[in-house]
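Presented below is the structure to which this report refers.
Please treat every number below as a calculation from the coordinates, not as lab data. Here the structure is a predicted model, which is why all the values come from computation and not from measurement. Cβ atoms come from the backbone with ideal geometry, glycine included; neighbour counts cover every protein chain shown.
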Amino acid sequence: MKRTVSVIGLIIGTILSANTIVMMNRMYTDPDFKGNDILGYAAMVALFSLIFVGVRNYRNKHLDGFISFGNAFKIGAWIAFVASTIYVILGLSYYYLMVPDFIEVYVQYILKHTPPAELQARTAEMENFKEMYKNPLFAILISYFEVLPVGLLVALVSAWIVKKKSN
């Protein structure tokens with residue numbers, strides 16, 4: 001199980017991190033860049049679908065084709081956790097070491113794309129966010145919250161699909 005969790009988690013986490021780094025850099029280099037949350041989450045779900053592949057392969061290769069829902073979910077959740085941890089480590093390392101001014105760039109990006117009627121409230125919200133992001137624990141928790149829930153949801157669905165009880 002450890003090998004499956006490690007390999008699939010590392011693959012997902014590395015690709016998630018690479019995508020995030022590319023998107024961070026686009027905010028610096030492309031003034032007309034417009035992110036797409038729906039597309040981003042769809043890509044994340046597609047990438048986390050590797051959890052299904054990992055759980056199914058583990059079931060077929062190591063458990064004679066049978067796995068309980070609970071065991072399948074446990075494996076999927078561990079894969080999601082490993083992938084999310086890789087994402088947090090690589091993403092925040094890049095942030096702190098390479099683009100420490102990213103929060104300022106991100107806030108300006110958000111405010112640029114905020115409707116005028118919401119600008120005052122959004123500005124206050126973003127100032128609060130910048131202040132909280134100075135705390136590394138908050139940055140870690142926010143980074144986990146960006147991806148781990150999606151991974152756990154995919155693990156849940158994968159466990160439901162992959163489960164097979166022995167006769």
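Mind checking which residues of the range 114-136 are surrounded by fewer than 11 Cβ atoms within 10 Å (Cβ to Cβ) and either closer than 15 Å to Gly91 by Cβ or touching a residue at least 24 places away in the same chain (Cβ under 8 Å) (or both)? Hit for the range 114-136 is Pro136, nothing else. In this structure, Ile75 does not qualify as buried (at least 17 other Cβ atoms within 10 Å of the Cβ) and over 21 Å from the mean Cα position of the chain (by Cα).
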